[in-house]
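Readers should treat all values here as calculations from the given coordinates under stated rules, not as data from a laboratory. Please read these numbers as outputs of a predicted model, since none were measured by experiment. No Cβ is skipped: glycine too gets one built from the backbone with ideal geometry, and neighbour counts run over all protein chains shown.
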Amino acid sequence: MILKVENLRKSYNSKIAVNDVSFEIEKGQIFALLGPNGAGKTTTIKCILGLRKPDSGKILLHGSYAYLPEEKELYRYLTVKKTVQITSQITDNFSSQKALNFLEEFQIPLDEKISNLSHGMMTQTYISLIFAQDADIYFMDEPTWGLDPIMRNRILELIRQLSYEGKTIFYTSHILAEVEKLADTIAIMVNGKIIELDEIDNIKDKYVVCITPKGKNPGGFLYKSTDRENIYIVRKEKAEGVVEPATFDMIFEAIVKGAK
Ligand SMILES: Nc1ncnc2c1ncn2[C@@H]1O[C@H](COP(=O)(O)OP(=O)(O)OP(=O)(O)O)[C@@H](O)[C@H]1O
């Protein structure tokens, strides 16, 4: 186990952002924290890394980490090259050569000022700095946000590569297709709580679509309602009425709607 979070709670004034969250991540795992806007994903990461003070709970993090924040902002007045130089001076286990290789691959002009880069290019620059670090666990808060589909796929490939090298990945996303392709374990977070946590195949295997007449609730998450029927996503063992297989998209949507 490389990371263990136990009964983590964090509020901002009266808003409960993280509400009794517990999970464990094994070394080499790709763990995705998935949830709608405001679910508490960023706050969870920030508590783990000591950037927010939890109200209560226990966090055990074994090993070194690299962190790609949600706001991928770099010092605007520096050039890309200078940014790499400064990062190498202040970051442990950082390879400037690796960073320069990624920047070349992503076609980021080294002599350009950060302020002149597009949003996506700045993200690519930040990602290059993170991938150039040698860490045990990589925390990436929405690593592919704002990137084009080709670049998104490349980033996912690089994340997978890291896991082949025995590294652990903790990332957040709201892009289901990405998570489905990449993650070993998924935690679905809604309103500060983890509603589902399992391997993706197990999640898909656990739930079915259940079409029942109005007024009957088989005890699952309501997915859709028509004049005559309700469509629920329910755990297999509770299924009744007309039963069909559920896709991961349907399961996620129903859990998010049902938990609100
Ligand atoms: N610094 C803060 N002060 C007050 N409230 C905050 C602060 N940061 C987050 N929150 C609130 O805590 C809740 C969880 O926010 P958080 O950023 O952790 O969610 P998230 O799942 O990362 O969302 P998103 O996917 O939109 O980035 C939200 O209701 C948010 O408004």
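Straight-line reach from Lys53: taking Cα to Cα under 14 Å and skipping same-chain neighbours fewer than 8 places apart, no aspartates and glutamates fall in range.
Its DSSP H runs of at least 4 residues, each contributing -39,500 (n - 2.57), put the calculated 222 nm mean residue ellipticity of the chain at -9500 deg cm²/dmol, to the nearest 500.
Maximal additional length on extending the Lys15-Glu237 stretch stands at 76.4 nm, based on 0.36 nm per residue less the C-alpha distance. For segment 86-201, rounded, prolate or oblate, judged on the Cα gyration tensor with a ≥ b ≥ c (square roots of eigenvalues), a/c < 1.5 rounded, else prolate if a/b > b/c? In terms of gyration-tensor shape, prolate.
Using the Cα gyration tensor of the chain, with a ≥ b ≥ c the square roots of its eigenvalues, what is the shape: rounded (a/c below 1.5), prolate (a/b larger than b/c) or oblate (neither)? In terms of gyration-tensor shape, prolate. Within segment 215-229, list the residues whose amide N lies under 16 Å from a label point set 7 Å along Cα→Cβ of Thr247. Under cut-off, by backbone N: 223-224. Against the chain, whose longest principal axis is taken from its Cα atoms, helix 248-259 shows a tilt of about 80°.
My understanding is that a pair violates if its Cα-Cα distance is over 23 Å; which of Lys98/Lys167; Lys4/Lys193; Lys27/Lys58; Lys4/Lys204; Lys15/Lys41; Lys216/Lys238 do that in this structure? Among Lys98/Lys167; Lys4/Lys193; Lys27/Lys58; Lys4/Lys204; Lys15/Lys41; Lys216/Lys238, the Cα-Cα distance tops 23 Å for Lys4/Lys204.
Among beta bridges identified by DSSP and lying wholly in the chain, the antiparallel ones come to about 65 percent.
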